[in-house]
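Have a look at the structure below, then the notes.
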Amino acid sequence: MLNIQINGVDVQVKHGTAIIDAAAESGIVIPRFCYHKKLSTVASCRMCLVEVEKMPKAMPACATPVAEGMKIHTKSPKALNAQRGVLEFLLINHPLDCPVCDQGGDCPLQEASLGFGGGVSHYDFDKRVLHNPDFGPLVATDMMRCILCTRCIRFSREIAGVDDISTAGRGENIRIASQTGHPLTSELSGNLIDLCPVGALTSKPARFTGRPWEYQHRSALGPHDSFGSHLQLDVRGTKVMRVVARECEEINETWLSDRDRFSYQGLYSADRLTTPRIREKGIWREVDWSTALEFVANGLQQVRKTHGAPALGALVAPTATLEESYLIQKLIRTAGSPHIDHRLRQRDFSDQAHDPVFPWLGGAITALEQKTAFLVVGSYLRKEHPLVNHRLRKAVLRGAHAMFLDAVDRAYNYPTSVSMVVPPSAWERSLLAVAKAAHAITGRAIPTGLDALWESIECEAIHRTTAEHLVNAASAVLLLGNVAHAHPRFGALRNLANAVAELTGASVGYLPEGAGTVGAWLTGCVPHRGPGGKTVTVGQDWHTMVTGGVKGLLILGAELERDCADPSAALKGLHQAAFVVSLSPWVSPAQEAYAHALLPIAPYAETSGTYLNLEGRWQSFQGVVAPLGETRPAWKVLRVLGNLMDLSGFDYFSSDQVLAEAREAIGEVTPNNAMPCVVPAAISSETPALERFGEVPPYAQDALVRRASALQATPDGRVPIAARMHSATLAGCGLIEGAQVSVRQGEGVVRLPIIVDDRVAKGCVFVPSASVETAALGPVVGGAVTVVAV
Amino acid sequence: MFDTIARYLKSLFLLELLGGLAVTGRYLFRHKLTIQYPEAHTPLSPRFRGLHALRRYPNGEERCIACKLCEAVCPALAITIESDQREDGTRRTTRYEIDLFKCIYCGACEESCPVDSIVETSAFEYTFERFGEHIMTKSDLLKHGDQYEQRIRADRAADARYR
Ligand code: SF4
Ligand code: SF4
Ligand code: SF4
Ligand code: FES
């Protein structure tokens, strides 16, 4: 601790603190533009000049560390004079177009001018004129307003890890320009809007639509990935106007992924379902709630009567809140059926008995930064879980080894040590090879039966390096991503990951797919576990349910034609079901074809609820705007449905009551991923000549983000619907780029153009999933395909 | 005693009545000040605050840039604005409404406008026959602007040197 004096008050501050932070601790505001606590300090704007006794000139408070006995004056004539002068210089080229500037009213430059400026300018020459570069569909540019604080550049380099933007020109012509000539490509680019202290970088989707002073600031949680980012929804009237980050050091720091920031647009898409609809004799009718609910209750009761209670089932999207998950499983189980599932993008349930009580990250988010090696299995981490990737990137910059097992050689924003790019059918063998190599190094006890499996496996250099990195790391983790969960042999894969962990001393972490995944696990939205992991009668997984096991289905929040691992089978099954009810905030043509009733439920922002994030943190949120039209929160709909079906225990008055009951039912749960490694009897011997790989494109994950028009216009939103193949694979099939081919997988055939992409593993055909165009194909990961020219 | 006699004499000779009649007589021959409204009008100050208008630039472009300052400053919350980006990239209102029942004709909107778009004209002769007509829409306000532009300009010019 150092003793210093600020404005005549003695304070104690930590060694190494900058004056600007020391002052902030004692509540003294020093104006600043370039300084940001999460970015490197450059001291380029000079707005923070303060007087330090015994120093001849005013000093930049952001770049001057405190020293013992320092006497600082932030309000002395010398400091104020310096600040006034700097501000006058900064405003020389500023257009002063506040009335048309979206930053107006919320602008550090306006505030500094008011608080520290002089009010007059001695400059009456022409101002510099600049063109606005195209920064893509998310960020609007007005470069005349730029004060060259370089926060945006430092953010893209230091945080986003892309060299997208830099300064161009010199002297008066210096400006911020796109380095690549392309729009921003980072999945975090929206943070530039929060960072830019002036109106040079503003939100394009929200452009010119509102003013900061009209907004009510409401808090919410990121509704997509399982990170649980804190959002601030800016609301006017009954509409969410924009989303900005809410600081939370343990979770999202000050950042947000673009998906969380811009997906609110989907709330107002044209296909929002705002009135209940029922289908009678093939005709859709809009009805009021009581008619619709009665229709649904009768329909379900009918199924129960004719086919027995176990003919009912429910499928839950991983975006459902904890309350919704809890209620729907209670509804189904009380009605007498054990069939409930939320793992819609998973296909292999053979090993589900060994599932941890809920799959979680395995530690705190902040602990990711301390990892010294990590192996990500089956995930485009950067796009699937952008902020997990951001934390891990920090670890890599500190020297951690980043390793990936994937079917596509991804572009990461940090150096990767190992990138094993093989088709999904070879993932088991790769993990086995790593385990074998690890055993050679550590000599630890081999999990029973593993040596028999790896007998025929050759360890290549890449496997040995991976094993070495994992073994030598002080703290290593294997992370199983979304694609791993969709793998046709997820059970084996997971056990092999456990084996690698055992042999290397690493831990295993899961990356739950959606914001509600952890909640769904804990509330018992799985066929083999009740709330809190309790033992229950084991029901059917979603795949068995839709392919014939179940006659009456409740679908909560999912569009099965996109939101499952085997859309063609799902659609076929749904068309044969006797009674399908879709509770959804939106309506899609496929839903209209398979459902018998459509109940409009409130999406995030319009309902209250609880999400558990991937570290198991309970976070509740409130509805911040009134539900659109006749939309109702899903928990209310489920509650009434329970009453109408004469089930007991459905008399709730608020979602808090549901939460309290769910909490009690769940009880104390200690998360533990370290499950015994059950060595699979054999590894997959199947090695198809051509194999499907079909991850979910970054902005197709759930119904909300698919409707966010600005995100859909970005390169990540416009993933071409095509068959992407390695040039060698292509040559082997005798095809050429651009040709139209028909891709056949099982019984499904689709016509697609061919794109050559040498990042795709040899022997793989990359056809994106979660799209209506490719829904006819079979399971999204793995499985033989044939490609023939048409 | 003396008072009583004076009062008696006053009423005997109808002095008060004659005094009153004298006033009447005087005014009978004076120059008349009654204005025959609506045939004739009283003069108006150029600062008179009447019906609102949205002005245009001489090239026909609307002035308003949807800055929403008038909406923010209006003490009666009479103004409602929604805005968006127009096709040419400029910031424009998509809805601009003034509720004349709420408006207190304070003129704060006019003072706040950075582009002299919203003004209160000297027009005050307007009526509403049906409920709802008191809400001035953007097109109404622009129409007023076109209709009264000469007057608006003349009034502003007359007042300019006091501002
Ligand atoms: S665009 Fe904004 S953040 Fe970037 S240098 Fe200019 S003022 Fe700073
Ligand atoms: S005159 Fe006053 S009350 Fe009327 S609209 Fe303008 S600001 Fe509001
Ligand atoms: S009338 Fe003037 S103050 Fe009101 S929004 Fe338009 S430009 Fe702004
Ligand atoms: S904030 Fe210190 S120089 Fe910019």
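The values are calculated or read from the model by the stated rules, or taken from the named source; none is laboratory data. This structure is a prediction, so every number in the text was calculated from the model and none was measured. Using ideal geometry, Cβ is built from the backbone for each residue, glycine included, and neighbour counts are taken over all protein chains shown. Heavy atoms of the whole protein, side chains included, go into the accessibility calculation; ligands, DNA and RNA do not. Shrake-Rupley method; radii C 1.70, N 1.55, O 1.52, S 1.80 Å.
Things to note:
- Unmet requirement for A:CYS149, which otherwise passes all of (1) within 16 Å of ligand 4 (Cβ to nearest atom); (2) in a helix (DSSP H, G or I): (2)
- With respect to (1) outside any loop (DSSP other than H, G, I, E, B); (2) open to solvent by 10 Å² or more (accessible area, probe 1.4 Å), the lone exception for A:VAL538 is condition (1).
- Count of residues meeting criterion [within 16 Å of ligand 4 (Cβ to nearest atom) and not in a loop (DSSP other than H, G, I, E, B)] in the range A:177-213: 1
- Residue ID - farthest from A:ARG145 (Cα to Cα), chosen from residues in the range A:64-85 that are surrounded by 17 or more Cβ atoms within 10 Å (Cβ to Cβ) and within 41 Å of the chain's Cα centre (by Cα): A:VAL66
- Scanning the range A:731-756 for residues that are within 25 Å of A:GLY378 (Cβ to Cβ), in contact (Cβ under 8 Å) with a residue 40 or more places away in the chain and open to solvent by less than 30 Å² (accessible area, probe 1.4 Å) gives A:VAL743, A:GLN745, A:GLY748.
- Candidate set from the range A:124-143 (those that are under 18 Å from A:ASP102 (Cβ atoms) and open to solvent by 50 Å² or more (accessible area, probe 1.4 Å)); member that is nearest to ligand 2 (Cβ to nearest atom): A:ASN132
- Residues of the range A:1-30 that are among the polar types (S, T, N, Q) and within 35 Å of the chain's Cα centre (by Cα): A:THR17 alone.
- Conditions (1) more than 11 Å from ligand 2 (Cβ to nearest atom); (2) in contact with a strand residue (DSSP E or B) (Cβ under 9 Å, 6 or more places away or on another chain); number of the one not met by B:THR127: (2)
- Considering (1) within 14 Å of another protein chain (Cβ to nearest Cβ); (2) more than 16 Å from ligand 2 (Cβ to nearest atom); (3) open to solvent by 80 Å² or more (accessible area, probe 1.4 Å); (4) not acidic (Asp, Glu), the lone condition that B:SER83 does not fulfil carries the number (3).
- A:PRO183 meets the stated requirement of being in contact (Cβ under 8 Å) with a residue 24 or more places away in the chain, away from chain B (no Cβ under 14 Å), more than 16 Å from ligand 3 (Cβ to nearest atom) and not charged (D, E, K, R).
- Qualifying residue in the range B:142-157 (condition: free of Cβ contacts under 8 Å to residues at least 40 places away in the same chain and open to solvent by less than 30 Å² (accessible area, probe 1.4 Å)): no
- When restricted to residues that are of a type in the set (Ser, Thr, Tyr) and assigned to a helix (DSSP H, G or I), the range B:121-163 contains 3.
- Picking from residues in the range A:259-289 that are over 17 Å from the mean Cα position of the chain (by Cα) and small (Gly, Ala, Ser), the one that is surrounded by the most Cβ atoms within 10 Å (Cβ to Cβ) is A:SER269.
- Within the range A:203-226, the set of residues being out of contact with any helix residue (DSSP H, G or I) (no Cβ under 6 Å at 6 or more places or on another chain), hydroxyl-bearing (Ser, Thr, Tyr) and more than 10 Å from every other protein chain (Cβ to nearest Cβ) comprises A:TYR215, A:SER219.
- Verdict on A:VAL42 being open to solvent by 60 Å² or more (accessible area, probe 1.4 Å), within 9 Å of ligand 4 (Cβ to nearest atom) and within 36 Å of the chain's Cα centre (by Cα): yes
- Of all residues in the range B:93-101, none satisfies being exposed (fewer than 14 other Cβ atoms within 10 Å of the Cβ), more than 21 Å from the chain's Cα centre (by Cα) and either within 16 Å of ligand 1 (Cβ to nearest atom) or more than 19 Å from B:THR137 (Cα to Cα) (or both).
- If you go through the range B:86-120 and keep only what is in a strand (DSSP E or B) and within 13 Å of another protein chain (Cβ to nearest Cβ), you end up with B:ARG91, B:ARG92, B:THR93, B:THR94, B:ARG95, B:ILE118.
- Count - residues of the range A:349-364 that are surrounded by 22 or more Cβ atoms within 10 Å (Cβ to Cβ) and of a type outside the set (Phe, Trp, Tyr): 3
- Test: residue in the range B:60-74 that is open to solvent by less than 50 Å² (accessible area, probe 1.4 Å), within 14 Å of chain A (Cβ to nearest Cβ), of a type in the set (Lys, Arg) and part of a loop (DSSP other than H, G, I, E, B): yes
- When the range B:39-68 is limited to residues that are aliphatic (A, V, I, L, M) and under 25 Å from B:ALA154 (Cβ atoms), the one that is farthest from ligand 1 (Cβ to nearest atom) turns out to be B:ALA40.
- The set of residues in the range A:234-258 that are crowded, with 20+ Cβ neighbours inside 10 Å and not in a strand (DSSP E or B) comprises A:ILE251, A:ASN252, A:TRP255, A:LEU256, A:SER257, A:ASP258.
- Meets criteria (more than 16 Å from ligand 4 (Cβ to nearest atom), touching a Cys at 6+ places or on another chain (Cβ under 8 Å) and open to solvent by 80 Å² or more (accessible area, probe 1.4 Å)) for B:ARG7: no
- Whenever a residue of the range A:668-692 is closer than 27 Å to A:VAL785 by Cβ, it has no partner that is open to solvent by 80 Å² or more (accessible area, probe 1.4 Å) and basic (Lys, Arg) lying with C-beta atoms less than 7 angstrom away and at least six residues away or across chains.
- When the range A:564-576 is filtered for residues that are open to solvent by less than 10 Å² (accessible area, probe 1.4 Å) and either outside any helix (DSSP H, G or I) or under 17 Å from A:LEU641 (Cβ atoms) (or both), the ones remaining, listed by number, are A:CYS564, A:ALA565.
- Residue in the range A:77-92 that is closer than 30 Å to A:ARG242 by Cβ and touching a Pro at 6+ places or on another chain (Cβ under 6 Å) present: no
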